[in-house]
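Here the structure is laid out as structure tokens; the discussion comes afterwards.
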Amino acid sequence: MKIDGVPYRSVWVDPEDGWSVRILDQTRLPWTVEILRLTEEKQVAHAIKSMQVRGAPLIGAVAAYGLALALRRDASDAALESVAAMLGRTRPTAINLRWALDRMLRALRPVAPEQRAAAAYAAAADIAEDDVETCRRIGQHGLPLIQEIAARKPGQPVNILTHCNTGWIATVDYGTALSVIYQAHDAGIPVHVWVDETRPRNQGSALTAWELGKHGVPHTVVADNAGGHLMQHGQVDIVLVGTDRVTRQGDVANKIGTYLKALAAHDNQVPFWVALPHSTLDMSVRDGVREIPIEERDAREVLETTGQTWDGRIETVRTAAPGSAGANPAFDVTPARLVTGLITERGRCDASEAGLLGLYPDLATAA
């Protein structure tokens, strides 16, 4: 995708030195585009924990490059295992992180230590390229949903509600749910996106709105609690969200607040679709509500907010009453019964074990 006409991906190897890793600092968006240079695995771990990089597919790809950086210095078996374990502890909910590190370990364990660093960079690049093509195909398979709605209301925009950020900065490129929107927009279909703020970190109002604006997609930022009202009044044609983990039976873990959108969509007969890459599937889990670990982030994210002052300074201020405690579960789980369907790189399916195995029969024995 592009920023002011310049093409970018969300992670890349610096072409000048051929080994350091570059990322966009997403904690600085939308106010400024700042590119960070990562040279060791501890910087990668910090970038993931602090959400300088975020989005389930992206953190997996960045962690893969973090392992490659570590192996430049120490390519021993012990270092390979310990660094992978350290990176895997940075975020607990998104399964893509574990998937990417497991893929790296399978590729690198048989390789002689003196060849591991080069092999690690190649394996990380494969993960990144896989994500780009996967997200492109997700957009292709989701596009007919938008086309069908547009055909029913000629001359009017298709109104889409989304939550959190599912665009190219949450992946290596294209995005998941936003890939569908971008491809519809680029195909000339009039679309309008209702962008939830996504408190407490405001990934919707800060990141999704920034992305859509850079791409020229019409959008409106709304309070998180406005979605149900919009659906009641016929102003939402479809809800499109991403996910950090999908279980064998189709339960969906996503940014906190997704479950409430699904309930409102179900009550108002608005289709609720979830876009995901294969790396987000966790066939070892059946009951998402009971089994998926939910990350509890710093309470200050709820008690404070960060923004740009009128004179251009970036400031963090407290918004909650002094002395109040805060709780900050970062994700919730939407049961499969509330999900209209899943959009994957292999096609669309019901949110069910049968639906998923119809697209992924190779995962039937996964545990």
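Applying 1/(1 + (r/R0)^6) with R0 = 22 Å to the Cβ-Cβ distance of Ala366 and Arg109 gives a FRET efficiency near 0.65.
Helix 177-186 and the long axis of the chain differ in direction by around 70°, with both axes built from C-alpha atoms. In this Cβ point-charge picture (+1 for Lys and Arg, -1 for Asp and Glu), the stretch 2-130 has a dipole of about 420 debye about its Cα centre.
For the stretch 184-240, the dipole from Cβ point charges (+1 on Lys and Arg, -1 on Asp and Glu) about the Cα centre works out to 120 debye, to the nearest 20.
Exposure check, 1.4 Å probe, all protein chains in place: His233 carries approximately 120 Å² of accessible surface. Figure note: Ser10, Ser205 ranked by solvent-accessible area, largest first, 1.4 Å probe, ligands and nucleic acids not counted: Ser205, Ser10. Over all other residues within a Cβ to Cβ distance under 14 Å of Asp251, the charged ones net out to -2, with Lys and Arg as +1 and Asp and Glu as -1. The GluC sites (Glu not before Pro) of the stretch 1-100 that DSSP puts in a loop, and whose beta carbon has at most 13 other beta carbons within 10 Å, are Glu16, Glu34. Placing a label point 7 Å from the Cα of Ile294 along the Cα-to-Cβ direction, the residues of the stretch 184-212 whose backbone N falls under 19 Å of that point are 198-203.
When shorter helices are ignored and each DSSP H run of at least 4 residues is given -39500 (n - 2.57), the per-residue value for the chain at 222 nm works out to -12000 deg cm²/dmol.
Relative to its Kirkwood radius, the Cα radius of gyration of the stretch 1-140 gives an Rg/Rh of 0.96.
Working note: Karplus 6.51/-1.76/1.60 with θ = phi - 60° gives the stretch 19-36 the couplings 9, 6, 10, 10, 9, 7, 7, 6, 6, 9, 6, x, 7, 8, 9, 10, 9, 9 Hz, where Gly and Pro are set to x. Each of (i) 32; (ii) 13; (iii) 17 is a candidate for percent of Cα pairs over 39 Å apart; the one calculated from this structure is (ii).
In a fully extended conformation the segment linking Ala125 and His192 would gain 20.7 nm over its present Cα-Cα distance, using 0.36 nm per residue.
For the stretch 51-58, the Karplus equation 6.51 cos²θ - 1.76 cosθ + 1.60, evaluated at θ = phi - 60°, returns couplings of 6, 4, 10, 7, x, 3, x, 5 Hz by residue, with Gly and Pro reported as x.
Pull out the extension gain between Ala327 and Gln156, defined as 0.36 nm times the separation in residues minus the alpha carbon to alpha carbon distance; nm, one decimal.
Numbers: separation 171, 0.36 × 171 = 61.56 nm, distance 4.14 nm.
My answer for the length gained is 57.4 nm.
Normalised per residue, the accessible area of the stretch 1-76 is 41 Å², obtained with a 1.4 Å probe and no contribution from ligands, DNA or RNA.
Determine the dipole magnitude for the chain: charges of +1 sit on the beta-carbon of Lys and Arg, -1 on that of Asp and Glu, nothing else is charged, the reference point is the Cα centre, and the result goes in debye to the nearest 20.
Using only the charged Cβ atoms, the result is roughly 240 debye.
Counting only heavy atoms of the protein chains and using a 1.4 Å probe, Lys153 has close to 30 Å² of accessible surface. When Glu345, Glu291, Glu353 are compared by accessible area at a 1.4 angstrom probe, the order from most to least is Glu291, Glu353, Glu345.
For the stretch 258-271, backbone phi angles converted through the Karplus equation (6.51, -1.76, 1.60; θ = phi - 60°) give residue-by-residue couplings of 5, 4, 5, 5, 5, 4, 5, 5, 4, 5, 10, 6, 9, x Hz, Gly and Pro being listed as x. The label point for Ile35 and the one for Glu16, both projected 7 Å from the Cα toward the Cβ, are 0.8 nm apart. Projecting the Cα atoms of Ala330, Ala177, Ala265 onto the charge dipole of the chain, computed from C-beta unit charges around the Cα centre, puts Ala265 farthest toward the positive end. Separation of the stretch 200-258 from the stretch 266-297 is 15 Å, based on Cα centroids. Between amide H atoms placed 1.01 Å from N, distances below 5 Å from Val193 occur with Ile160, His219, Thr220, all of them 5 or more places distant or on a separate chain.
Specify the angular offset, from 0 to 90 degrees and rounded to the nearest 10, of the alpha carbon long axis of helix 113-152 from the longest principal axis of the alpha carbons in the chain. For 113-152 against the chain, the angle is about 10 degrees.
The values are calculated or read from the model by the stated rules, or taken from the named source; none is laboratory data. Model, not experiment: these values are computed from the prediction. Please note: Cβ atoms are built from the backbone with ideal geometry, for glycine as well, and neighbour counts cover all protein chains shown. Each accessible area value is taken on the protein alone, full model and side chains, heavy atoms only, with ligands, DNA and RNA left out. Shrake-Rupley method; radii C 1.70, N 1.55, O 1.52, S 1.80 Å.
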